[in-house]
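Read the structure below first, then the notes.
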Amino acid sequence: MGKSAALVEMLVILILFQSLSFSCIGANSNGSCIKYEREALLKFKAGLLSNSNSLESWVGDDCCVWEGVSCHNITGHVIKLDLSFQFLRGKVSPYLGNVSNLQYLHLGGNELTTDNLHFVSSLSSLKYLNMKDVSFVDKYENWLQSANMLPSLVELYLSYCGLYNSGHVSHLNLTSLEVLNLRYNNFYSTFPSWFSNISNIQYLDLRGNYFRGSLPNEIGNLNSLAFLYLSANSLEGRLPKTFGKLCNLRELAMESNNFSGEFFGLFGNSRSCIQNSLEYLDLFNNSFSGILPNDLGQFKSLEVLNLCKNAFWGPIPVSIGQLSNLALLDLSYNTFRGPIPVSVGQLYNLTTLDVRNNSLDGIVSELHFSKLRRLMSLRMSRNSIVFDIGPNWVPPFQLVAIWLSSCKLGPQFPQWLKTQQYIKTLMMSDVSISDSVPDWFGNISSYFRVLDLSHNQIFGALPKLRKLNEGNGYSTILLNSNKFEGPITDFPSDAVVLDISNNLLQGQIPEMIGRRIMPLLEFLLICNNHLNGTIPVSLCRMESLSLLDLSKNQLSGGLPNCWRNLQALKLIDLSNNMLSGHVPISLGSIKQLQSLHLKNNRLQGKIPMSFKNLKDLKFLDLSMNAFAGLFPPGIGESLSSLTVLSVHSNKLEGEIPLQLCCLSSLRILNLANNMMGGTIPTCFGNFTAMVVYEKAIGYWGHGATTYTESENGGIYDDKLLVDIKGTELEYTRTLQFLCSIDLSGNSFVGSIPKELFNLSSVQNLNLSRNKLDGHIPWNIDNLKSLESLDLSKNNLSGSIPLSISNLNFLSHLNLSFNNLYGRIPSGNQLQTLDDRSIYIGNSGLCGPPLEGCPGDGGKLPTGHEQAGNTRKDNIEMPWFYSGLGMGFLTGYVGVCSILYFKKSWRYAFFQLVDRIYNKLWVAIAIKANQLRSMFQRIKFEQNA
């Protein structure tokens, strides 16, 4: 009875307490909403701007029915505020701290700002806090101190907040924290030690924070950790040995760091505790090394294994076939070797198999794919793999992406492809196919987004492809470097990239190519074929065209005058055709044009003044045409970005305009073989890009900025013929490293400006076949990078500067047919240039490799270098000879006295004299015979 009475008494007290609580609530609210909490929410709303009118419901007295607000069923306190992704803008109000019973606060996904996180310190019941995308005005505010006052906090999200301070506290109170997401802030610090003290943490996301240094050993104390994301930081070094103690780890992402050393060796004896838990492992883009363990198959739970772009080596273990849950296997960009294990064919859950860019070899057969029914992406490019698959094989899968470039699939076209109906990407470049494209190929092309059959020996007509079935689709078609022949056929009208260059195509470019056939093209490459006819005007309908390459054909006629419609063009290459007539003014209206190649045509007239409008132009090649008149000064005034200027082999006249010296970015200048005259401007020393090499200068390789789905690199590389080292070489990808000036074959007069020799990065300097006079500048050794120098066939005089022997990279020299005299300098690199022809035509030169100088005894040439020392020599020579006589007399008397008193020495001395006399006599006799033979040969040649 006593117990029953006590129970009834406590029940009555509880009812009275609840009644009292409700009466208190009712005194401060209308309905179930607490008045001061409602007021705090309204003050918060007052500081916001809503684009979606998402807070329209925030009216009336009952805040518990407002959108995003949830209250306790009994107390009426606001316990949840979820305004995520409501398109709110404005400032986060500190009045939210008055909603003191909040357990859940989500403001993420809006455009909100806050001074700090102090307002949350009073929310002692808060369990969930999400401030994703909220910008902290005080970027160095110690947010951790505020969060550390929330002992009940379980989940904290502060990603994309722009935080700079990773925080510091003397004692960590976040004992309940299980989820911490600080993804993509700007901490720029070493890995904070307090992370290792969050004892109950299960989910830790620190991606993209610029953390540097190594991981502390204490990280192994996080026994509850199941999800660890450290991607996109600057962490480095080897992982601590305690890493193997994370026995509950399910997902580990460490991509894009600088970790090194072995990875799988860390687990040691603890491997059994993690092999059953780890499901997701991403080590992409690090420097991990070592071989994969033979017992890799014990990681039974693995669903994703990404080791791409590391330094793993050795064979792929056979046990990999035991990873029955594996959906993604990426071993690409390592140095794995040997064959692909047949056991891979047992991974029946596999959707992606990527082993590209390794050193794998051996045979791939049908057994490698026997149970891969779910496979969608097969990537094996850049290996030495040979496919041995019968023509009647029916794959168990339907592939979406196929990357097999550089494997050996040929010589026949793979027949198993005809069963693949949903291919979006087909990369089979350089796979040794020597066959025609089968008729059924068009049937599987409906979903093609990327087709690459380049660099094979495929012959016959171009394939007939279908337009994409999917709406808003765009296709890339790469059929270059084959043996396709016949006319250009119709391609899908949704194509944006078409490369059919380096084939045997004939006929004309279709007249309607830009109006009806392929109006969406951005890149069109048909170079190096046998096309004739004119350039169709319909090309000007391709308003999205960015790259046009029709070079190396037999196109004729004039250039179309409709370039104003093609404002997206960045590169035009019409070189090596038979185009004629004047260049239309409209070509100078393409404001984004960066590269223009018109070399080796029959174009004539003046270079259009409208070219000065091409402000972004970096590469201009007008060589080997019939352009005449003066060089337009506007090119130098306006084209400040120009890096390559080549107008050689034309009919240009007049002097070099001084405005050309404004081209500070210029690295290659070729004005050779024109009819220009006057002096070489001293302001050529303003070509600052020829003094200090900067790779960013200039426009190199259009492939770097164009469509790069091709596994053979970029679609287009700028090309330039350069006369260097006595031969003509074509530069493509190495063009970015060349620095050259060629003014040969003109009528330039005057002396060589010494300022020209301050361009220390110049590798090729050719001033030959002009009318230059004066001395070779003494500062020639400032051309520290010079490899080729040609000053031949001018009127240069004086001696060759001794400093030329300091050019350590000089491998080609031609000073022939000038008026040079004196001794040829020797030493260093110059000794290797022993071809007599590089000095012929200079009657005053002597010394190796030519005949010796008169009175050869080490006498220096009497050139202009010694003129300043003549007076000094005249004063010092008498004293020199008088001292020499006294020294000789003293030595002579001393030697004679010794020989007179020392009999044995006297005998030895005269025997030595006899031996020396005999050797000298023999040497003189041999030399006399050689001279006699030489004079007889010269006389014979003169008589002949």
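The values are calculated or read from the model by the stated rules, or taken from the named source; none is laboratory data. Just so you know, these numbers come straight off a predicted model, no measurement behind them. Note: ideal-geometry Cβ built from the backbone for every residue, glycine included; neighbour counts use all protein chains shown.
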Out of Arg356, Arg373, which single residue is among the basic types (Lys, Arg), at pLDDT 95 or above and surrounded by 15 or more Cβ atoms within 10 Å (Cβ to Cβ)? Arg356
Could you please let me know if Leu574 is under 22 Å from Asn746 (Cβ atoms), modelled with pLDDT of 95 or more and not hydroxyl-bearing (Ser, Thr, Tyr)? no
Quick check on Ser586: is it farther than 17 Å from Asn553 by Cβ and part of a loop (DSSP other than H, G, I, E, B)? no
Filter the strands (runs of 3 or more DSSP E) completely within the stretch 53-100 down to those with at least 3 residues that are surrounded by 17 or more Cβ atoms within 10 Å (Cβ to Cβ). 78-82
Among Leu88, Leu48, which is the only one that is more than 24 Å from Pro151 (Cα to Cα), at pLDDT 80 or above and in contact with a Gly (Cβ under 7 Å, 6 or more places away or on another chain)? Leu48
So which of Val154, Val137, Val99, Val179 ends up being of a type in the set (A, V, I, L, M), in contact (Cβ under 8 Å) with a residue 60 or more places away in the chain and in contact with a strand residue (DSSP E or B) (Cβ under 7 Å, 6 or more places away or on another chain)? Val99
Just checking, does the stretch 106-116 include any residue being surrounded by fewer than 20 Cβ atoms within 10 Å (Cβ to Cβ), touching a helix residue (DSSP H, G or I) at 6+ places or on another chain (Cβ under 9 Å) and modelled with pLDDT under 95? yes
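Just the residues that are of a type outside the set (Asp, Glu) and closer than 12 Å to Leu451 by Cβ, please, taken from the stretch 485-504. Break it down into steps so the answer makes sense when it comes.
Initially, the stretch 485-504 is screened for residues of a type outside the set (Asp, Glu), giving 486-489, 491-493, 495-498, 500-504.
Passing the criteria: Phe491, Pro492, Ala495, Val497, Leu498, Ile500.
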Among what's in the stretch 671-726 and is at pLDDT below 60 and among the aromatic types (Phe, Trp, Tyr), pick the residue that is nearest to Ile477 (Cα to Cα). Tyr707
Out of Asp718, Asp723, report the one residue that is under 30 Å from the mean Cα position of the chain (by Cα), acidic (Asp, Glu), assigned to a loop (DSSP other than H, G, I, E, B) and under 29 Å from Leu547 (Cβ atoms). Asp718
What do you reckon, is Gly220 at positive phi and either among the basic types (Lys, Arg) or crowded, with 16+ Cβ neighbours inside 10 Å (or both)? no
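In this structure, is Tyr36 of a type outside the set (A, V, I, L, M), assigned by TED's automatic domain parsing to the domain that holds Asn148 and under 50 Å from the mean Cα position of the chain (by Cα)? Before the answer, list the steps.
On the way: of a type outside the set (A, V, I, L, M): yes; assigned by TED's automatic domain parsing to the domain that holds Asn148: yes; under 50 Å from the mean Cα position of the chain (by Cα): no.
No, not satisfied.
In the stretch 411-451, what count of residues is obtained for those that are of a type outside the set (Asp, Glu) and in contact with a strand residue (DSSP E or B) (Cβ under 9 Å, 6 or more places away or on another chain)? I'd like the intermediate steps shown before the answer.
Filtering the stretch 411-451 for residues of a type outside the set (Asp, Glu) gives 411-429, 431-434, 436-438, 440-451.
Now restrict to residues that are in contact with a strand residue (DSSP E or B) (Cβ under 9 Å, 6 or more places away or on another chain): 413-414, 417, 420, 423-429, 431-432, 434, 436-437, 444-445, 448-451.
Total meeting the criteria: 22.
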Report yes if Ser343 is touching a residue at least 40 places away in the same chain (Cβ under 8 Å) and not acidic (Asp, Glu), otherwise no. no
When every residue in the stretch 418-459 that is in a loop (DSSP other than H, G, I, E, B), touching a Lys or Arg at 6+ places or on another chain (Cβ under 7 Å) and hydroxyl-bearing (Ser, Thr, Tyr) is compared, the one farthest from Tyr474 (Cα to Cα) is Ser432
By residue number, the members of the stretch 172-200 that are at pLDDT 95 or above and at negative phi are Leu177, Glu178, Val179, Leu180, Asn181, Leu182, Arg183
Take the residues in the stretch 767-793 that are in contact (Cβ under 8 Å) with a residue 60 or more places away in the chain and under 32 Å from the mean Cα position of the chain (by Cα); name whichever of them is nearest to Glu653 (Cα to Cα). Ser788
Filter the strands (runs of 3 or more DSSP E) completely within the stretch 250-367 down to those with at least 2 residues that are touching a helix residue (DSSP H, G or I) at 6+ places or on another chain (Cβ under 6 Å). none
Looking at Ile402, Ile389, Ile385 in this structure, which one is part of a strand (DSSP E or B) and either more than 21 Å from Gly321 (Cβ to Cβ) or touching a helix residue (DSSP H, G or I) at 6+ places or on another chain (Cβ under 8 Å) (or both)? Ile402
Would you confirm whether any residue within the stretch 365-377 is closer than 30 Å to Trp313 by Cα and in contact with a Lys or Arg (Cβ under 7 Å, 6 or more places away or on another chain)? no
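Please give the strands (runs of 3 or more DSSP E) falling wholly within the stretch 623-681 in which 2 or more residues are surrounded by fewer than 20 Cβ atoms within 10 Å (Cβ to Cβ).
Details: elements: 626-630, 644-646, 651-655, 668-670, 675-679.
Output list reads 626-630, 651-655, 675-679.
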Filtering the stretch 117-145 down to residues that are of a type in the set (S, T, N, Q) and either touching a helix residue (DSSP H, G or I) at 6+ places or on another chain (Cβ under 7 Å) or not assigned by TED's automatic domain parsing to the domain that holds Gly68 (or both), which residue is nearest to Tyr36 (Cα to Cα)? Ser122
